[in-house]
């Protein structure tokens, strides 16, 4: 029987538990080291088969750019496989844009995973990940589909069995220009690569002068606030709402950090105890308590 549609496909957001800029490549791209964890704040997508070969997108919520990553992902998969089928992609956008939570990249990954199933193109996880990297640095992580140490420009992914955790997440109204952060002259670009104890393959390539290691942690330490976000200081200088959000979250929960290169900030919380918005919210924005996901909900749809 021909599969005609896939409905209500989740595209989960992610948080960066830490984000270190450990160098800069000859081509200008920054070498990063970060721990990504998927969370249960999701966009929802429908994929409808088209036999006329057209690729269309319908926005069920917030309007997206005319040619977004979802359409680019669909074209990429079709070109790589020679598939002649098309699709209508319907997106209910729930993860805010400009937040540093990877919403657009996650949407693209869900399109790749879903269309690989709908079109019966049969690509493996590694094949989809290879297609995903040119679309965006975060897309391969969502194809891998579990908490991971992510390095380089997003191409080196080491799965991490992190303990479950809940997070309070706040996205202020303001968004951040990623280009302005990465081109800032005061951006730290020489943080020593971290070593995760028990994962000896991490930290070897950019160990720093004479092999010096500045950061070491365990999986438990990683989940409890290890490291920092090297982009945060620049972001606070550029956008005061980021600083205000961090201060409010720190006061409410005793910890706070910016995620990715966007304006969203998060705090570790105990269970669902922070569902109610704490008093003193200084800004308009979106607040939600989220839980980490051990696996992408669609991970089993792709063969390793």
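The values are calculated or read from the model by the stated rules, or taken from the named source; none is laboratory data. All values reported here derive from a predicted model rather than from experimental measurement. When we count neighbours, we look across all protein chains shown, and the Cβ atoms used for this are built from the backbone with ideal geometry, even at glycine.
Brief remarks follow.
- Hey, residue 104 in a loop (DSSP other than H, G, I, E, B), within 26 Å of residue 16 (Cα to Cα) and in contact (Cβ under 8 Å) with a residue 24 or more places away in the chain or not: no
- In segment 226-239, the residues that are assigned by TED's automatic domain parsing to the domain that holds residue 18 and on the phi > 0 side of the Ramachandran plot never reach a residue that is at pLDDT below 95 and not in a helix (DSSP H, G or I) with C-beta atoms less than 7 angstrom apart, at least six apart or across chains.
- Members of segment 133-144 that are farther than 18 Å from residue 297 by Cα and crowded, with 24+ Cβ neighbours inside 10 Å: none
Yes/no per residue for (1) touching a helix residue (DSSP H, G or I) at 6+ places or on another chain (Cβ under 9 Å); (2) within 23 Å of residue 159 (Cβ to Cβ):
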{"position": "4", "(1), (2)": "yes, no"}
{"position": "26", "(1), (2)": "no, no"}
{"position": "35", "(1), (2)": "yes, yes"}
{"position": "62", "(1), (2)": "no, no"}
{"position": "81", "(1), (2)": "yes, no"}
{"position": "84", "(1), (2)": "yes, no"}
{"position": "87", "(1), (2)": "yes, no"}
{"position": "91", "(1), (2)": "yes, no"}
{"position": "94", "(1), (2)": "yes, no"}
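- Entirely in segment 123-182, the helices (runs of 4 or more DSSP H) that have 1 or more residues that are more than 13 Å from the chain's Cα centre (by Cα) and farther than 28 Å from residue 240 by Cα: 125-132
- The residue that is surrounded by the fewest Cβ atoms within 10 Å (Cβ to Cβ), among those in segment 155-168 that are free of Cβ contacts under 8 Å to residues at least 40 places away in the same chain and touching a helix residue (DSSP H, G or I) at 6+ places or on another chain (Cβ under 6 Å), is 155.
- Per-region count, segment 49-101, residues assigned to a strand (DSSP E or B) and within 30 Å of residue 266 (Cβ to Cβ): 6
- Set side by side, the residues 203, 227 differ, and just one is modelled with pLDDT under 85 and either crowded, with 16+ Cβ neighbours inside 10 Å or not in a loop (DSSP other than H, G, I, E, B) (or both), which is 203.
Conditions tested, residue by residue: (1) at pLDDT below 90; (2) not in a loop (DSSP other than H, G, I, E, B).
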| position | (1), (2) |
| --- | --- |
| 234 | no, yes |
| 255 | no, no |
| 260 | no, no |
| 283 | yes, no |
| 291 | no, yes |
| 294 | no, no |
| 297 | no, no |
